[in-house]
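Colleague: The structure follows.
The values are calculated or read from the model by the stated rules, or taken from the named source; none is laboratory data. In this text, all values refer to a predicted model and were calculated from it rather than measured experimentally. With ideal geometry, Cβ positions are generated from the backbone for all residues, glycine too; neighbour counts draw on all protein chains shown.
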């Protein structure tokens, strides 16, 4: 693909099996989905896998601090990466042992080594602040390189471990969701879900991510539906709305005699709340 002064060739790269996809300047490399590459990051060189293939973006839409693809991975690079994966596995075991021996209140989740071995990054979760200075000394002494301990939250932990949600499918965060959106209890209420923590929480113990990316659809659907408690007129008579079936655009109406009727919102006669009162001249003509 050609580059010009007004745009750049961009490629999406993923570093972990379930990690976020990041954008990089592909320069003149002919890359395809599944190709392994060496890219430059703010921390240093890292091996990643092409996820999106190459696409063109104008300069005004380029990501901030865009880094470049250094090269397509060579056989030598692949061998180095294989050794790095072995180091990560050993470092995870060693660090977990040191955490236990030092009785630190933290849970080790993952380890990542930069391609050139210039840094080892240990990811962990903790409920409170942890003094891990002595742990860092242990790790530096063992691996003779720069050590970083990075605290992550439980959603990121769930993404790393993966799993099956209550829907029976792979977790959204570990399959296709690249960014974590803000999720609130209000979203569950908008979707008429039972506010039972076991029903609206994911494996991470936090509100399910799907509540966020389905929220807008529910809000739009509810705009044309009468609210619970609203008095409406249906072919069977006048009654009060008890429940909403948002996805099917149906409501359950109590007719006041103990009888409940489920009807489509299209059958409901509703007063126009936004209608202005008639003027004096209009009143005389009524």
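Colleague: Take segment 139-160 and flag every residue that is surrounded by 15 or more Cβ atoms within 10 Å (Cβ to Cβ) and out of contact with any strand residue (DSSP E or B) (no Cβ under 9 Å at 6 or more places or on another chain).
Modeller: Correct list: 142, 155, 158, 159.
Colleague: Which members of segment 220-236 meet the condition of being in a loop (DSSP other than H, G, I, E, B) and either within 32 Å of the chain's Cα centre (by Cα) or under 13 Å from residue 266 (Cα atoms) (or both)?
Modeller: Scanning segment 220-236 gives 223, 224, 225, 226, 227, 228, 235.
Colleague: If you take the residues of segment 177-191 that are out of contact with any strand residue (DSSP E or B) (no Cβ under 9 Å at 6 or more places or on another chain) and modelled with pLDDT under 80, which of them is surrounded by the most Cβ atoms within 10 Å (Cβ to Cβ)?
Modeller: Ranking the candidates gives 177 first.
Colleague: Looking at segment 179-211, which of its residues are closer than 19 Å to residue 248 by Cα, free of Cβ contacts under 8 Å to residues at least 24 places away in the same chain and out of contact with any helix residue (DSSP H, G or I) (no Cβ under 7 Å at 6 or more places or on another chain)?
Modeller: Scanning segment 179-211 gives 189, 194.
Colleague: Considering only residues that are outside any loop (DSSP other than H, G, I, E, B) and more than 29 Å from the chain's Cα centre (by Cα), which ones fall in segment 242-263?
Modeller: Hits for segment 242-263 are 242, 243, 250, 251, 252, 253, 254, 260, 261, 262, 263.
Colleague: What do you reckon, is residue 239 modelled with pLDDT under 85, touching a strand residue (DSSP E or B) at 6+ places or on another chain (Cβ under 8 Å) and either outside any helix (DSSP H, G or I) or closer than 26 Å to residue 186 by Cα (or both)?
Modeller: no
Colleague: Right, next: Does segment 110-148 hold any residues that are under 30 Å from the mean Cα position of the chain (by Cα) and part of a helix (DSSP H, G or I), and which are they?
Modeller: Matches in segment 110-148: none.
Colleague: Given the condition in a helix (DSSP H, G or I), under 23 Å from residue 96 (Cβ atoms) and under 17 Å from the mean Cα position of the chain (by Cα), answer yes or no: does some residue in segment 168-189 qualify?
Modeller: Yes, there is a match, as at least one residue in segment 168-189 is in a helix (DSSP H, G or I), under 23 Å from residue 96 (Cβ atoms) and under 17 Å from the mean Cα position of the chain (by Cα).
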